[in-house]
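Report on the structure given below.
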Amino acid sequence: MRVILGLGNPGLKYSNTRHNCGFLVTEKVAAFCQVKLAKRCFHLYNQAVYKKDEDSTVLIQPLTYMNNSGEIIKDIKNFDKEQLIVICDQMDLPVGNIRIKKGGGSAGHNGLKSIISNLDGYKEFLRIYVGIGRPKEGESVVDHVLGVEEDQEGFYQGIEKAKEAIIDIMNGKSLPDLMQKYNKKNKLEVT
């Protein structure tokens, strides 16, 4: 069973912020697969299950706030941590870009720190980073990640690319092919 964990913060206050790109991607994937994300009884996450032949994918949105995203890991039944895919924001990527990577540290991302901690230090899961760019001069990291992107078109291009990458994964595309297809930075057109 593949588990796709889209990171974000619950509540309307955060719904379209940069930090909620994981939620936005899982919502787009759920819509594409025609499944509904719904809160599980007595669990702090939204979940949707998509089955195709013998393959099943579970989309999950933790409702624990970003810094505690990993706490829901213990509640997910029958999942193989090698089949875990985490979608989150990445300040080191320009808006509109995504990056697919297997393994690595948290890179200072509190949601990833929580997941790694709750997986007893296991770091080899797949990550799909959605670019949100760096804060402007004088803007704090917190204000940046919890803010709404001015370049809405670019931001949603990144969300759409991440959705397409998830669909490619669900259709069996290999990791090297995914990385070759998606790990390219957008180039500015010179006119």
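The values are calculated or read from the model by the stated rules, or taken from the named source; none is laboratory data. As the structure is a computational prediction, the values presented were derived from the model and not from experiment. Heads up, the Cβs are rebuilt from the backbone with ideal geometry, glycines too, and the neighbour counts pull from every protein chain shown.
Among the conditions (1) out of contact with any helix residue (DSSP H, G or I) (no Cβ under 9 Å at 6 or more places or on another chain); (2) at pLDDT below 95, the only one that GLY103 does not satisfy is (2).
Taking strands (runs of 3 or more DSSP E) that do not extend beyond the range 84-191, which have at least 3 residues that are of a type in the set (D, E, K, R)?
98-102
Residues that are out of contact with any helix residue (DSSP H, G or I) (no Cβ under 9 Å at 6 or more places or on another chain), more than 20 Å from MET179 (Cα to Cα) and touching a residue at least 40 places away in the same chain (Cβ under 8 Å) within the range 66-100 comprise ILE76, ASN78, ASP80, listed in sequence order. Looking at ASP89, ASP75, ASP53, just one residue is at pLDDT below 95 and touching a His at 6+ places or on another chain (Cβ under 7 Å), and that residue is ASP75.
The number of residues in the range 1-35 being assigned to a helix (DSSP H, G or I), polar (S, T, N, Q) and more than 17 Å from ILE169 (Cβ to Cβ) comes to 1. I'm trying to understand the selection: among the residues of the range 1-16, which are in contact with a helix residue (DSSP H, G or I) (Cβ under 9 Å, 6 or more places away or on another chain) and surrounded by fewer than 21 Cβ atoms within 10 Å (Cβ to Cβ)? Selection gives MET1, ARG2, PRO10, TYR14, SER15, ASN16. Only one of these is buried (at least 19 other Cβ atoms within 10 Å of the Cβ), among the hydrophobic types (A, V, I, L, M, F, W, C) and without any contact (Cβ under 8 Å) to a residue 60 or more places away in the chain: ALA48, ALA31, ALA38. Name it. Selected residue: ALA48, the only one of ALA48, ALA31, ALA38 that is buried (at least 19 other Cβ atoms within 10 Å of the Cβ), among the hydrophobic types (A, V, I, L, M, F, W, C) and without any contact (Cβ under 8 Å) to a residue 60 or more places away in the chain. Does ILE132 fit the bill of being in contact with a Leu (Cβ under 8 Å, 6 or more places away or on another chain), touching a residue at least 40 places away in the same chain (Cβ under 8 Å) and of a type in the set (A, V, I, L, M, F, W, C)? It is true that ILE132 is in contact with a Leu (Cβ under 8 Å, 6 or more places away or on another chain), touching a residue at least 40 places away in the same chain (Cβ under 8 Å) and of a type in the set (A, V, I, L, M, F, W, C). On the given criteria, is ILE100 buried (at least 16 other Cβ atoms within 10 Å of the Cβ) and either of a type in the set (S, T, N, Q) or within 26 Å of ALA38 (Cα to Cα) (or both)? Criteria not met by ILE100.
In the range 30-39, is there at least one residue being within 23 Å of ILE100 (Cβ to Cβ) and not aliphatic (A, V, I, L, M)? Yes, the range 30-39 contains a residue that is within 23 Å of ILE100 (Cβ to Cβ) and not aliphatic (A, V, I, L, M).
Exactly one residue out of CYS33, CYS21 is modelled with pLDDT of 95 or more and in contact with a Cys (Cβ under 8 Å, 6 or more places away or on another chain): that is CYS21. Taken over the range 168-184, the residue count meeting the criterion of being free of Cβ contacts under 8 Å to residues at least 12 places away in the same chain and under 15 Å from SER56 (Cα atoms) is 2.
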